[in-house]
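Please read the structure below before turning to the comments.
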Amino acid sequence: MFVIQSGIVQILKRVGGQDRPLATLGKGEFVGEMAILNGRPRTATALVLERVRCLVIDTATLEQMLTNNAEIAIRLVKKLARRLDSADEMIQILLDPDPRARVLRALKRHAEGMKAPGSDGRIVLRVSLDDLAGQVGVDRAQVRDVLSRLRRLRVADEDEGGNIVLVDFPRLLEFMEFLEMPSKGEG
């Protein structure tokens, strides 16, 4: 298992012959715990996006840490529960029949997963347009179309590194709420 002390790692899963991004992890996150906990081979690939420094923990050390320190065990369980919640949320996103709604819901999910917005209120999501398209199973052109509309509304943009930036997260939520409102003819 690896505990990330600095840097950024993207977790990828091969689906249908393509690597699909599952998560982007930074300082304080860990990878490889499932292989230790369930004794099975690793099922995903970790790709270093930004130079990483990690603490390496082997099976015996992890088991000893969990046995001797309830706080570490509780933190690990809570983190795994958050990841399970996130996976459930992603399943709900993927079940949405509207591809544009999947993109919006995924943007919201990424934003809520960030620690806090920057001092300017912007939230830099560690996800590119291509990553987002792969995550939600939507054609790149449709993601680009949604992002273009959000850019015109001054809700989102892209930075020089290709990351999607939410310029006004509360406005994104308002926009999503507006889209979900039933039309006047529905009853």
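With +1 assigned to the C-beta of every Lys and Arg and -1 to the C-beta of every Asp and Glu, and no other charges, what is the dipole magnitude of the range 2-94 about the Cα centre in debye, to the nearest 20? Walk me through the numbers on the way to the answer.
Values: 13 positive and 10 negative charges, 38 e Å.
My answer is approximately 180 debye.
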Packing-ranked peptide list from 57-65, 6-14, highest mean Cβ count within 10 angstrom first, is 6-14, 57-65
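With n ≥ 4 as the cut-off for DSSP H runs, can you work out [θ] at 222 nm for the chain, using -39500 (n - 2.57) per run divided by the number of residues, rounded to the nearest 500? Working shown, then result.
On the way: 7 runs with 90 residues, N = 187.
Result for the chain, helices only: -15000 deg cm²/dmol.
Go ahead and run the numbers for FRET between residue 43 and residue 174, Cβ-Cβ distance against an R0 of 35 Å, rounding to 0.05. Please report the intermediate quantities before stating the final value.
Values: r = 38 Å, r/R0 = 1.09.
After rounding, the FRET efficiency stands at 0.35.
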If one computes the Cα centroid of the range 86-117 and of the range 12-80, what distance in Å separates the two points? 22
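On a full-extension model of 0.36 nm per residue, what is the gain between residue 84 and residue 154, subtracting their alpha-carbon distance, rounded to one decimal in nm?
On the way: separation 70, 0.36 × 70 = 25.20 nm, distance 3.25 nm.
Result: 21.9 nm gained on full extension.
Going by average Cβ neighbours within 10 Å, how do the peptides 37-43, 137-143, 106-112 rank, with the highest at the top? Provide the component values of the computation, followed by the final result.
Details: 37-43: 9.7, 137-143: 15.1, 106-112: 19.6.
Going from most to least packed, we get 106-112, 137-143, 37-43.
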Select from 11, 91, 80 the residue farthest towards the positive end of the dipole of the range 2-94; place +1 on Cβ of Lys and Arg, -1 on Cβ of Asp and Glu, and compute about the Cα centre. 11
From the convex hull of the Cα coordinates of the chain, what is the mean projected area in square nanometres? 13.5
State the answer as a single residue: which of 45, 57, 68 lies farthest towards the positive end of the charge dipole of the range 2-94, with beta carbon charges of +1 for Lys and Arg and -1 for Asp and Glu, about the Cα centre. 45
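At a 10 angstrom cut-off on C-beta neighbours, averaged per residue, how do the peptides 123-131, 18-26 rank from highest to lowest? Write down the numbers at each step before the final one.
On the way: 123-131: 19.3, 18-26: 17.7.
Order by mean packing, descending: 123-131, 18-26.
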In debye to the nearest 20, the charge dipole size for the chain, taken about the Cα centre with +1 at each Lys and Arg Cβ and -1 at each Asp and Glu Cβ, equals 180
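Computed from the coordinates by the stated procedures, all read-outs in this text should not be read as laboratory data. All values derive from a computational prediction rather than experimental measurement. For neighbour counting, all protein chains shown are included, and Cβ atoms are generated from backbone atoms with ideal geometry for every residue, glycine included.
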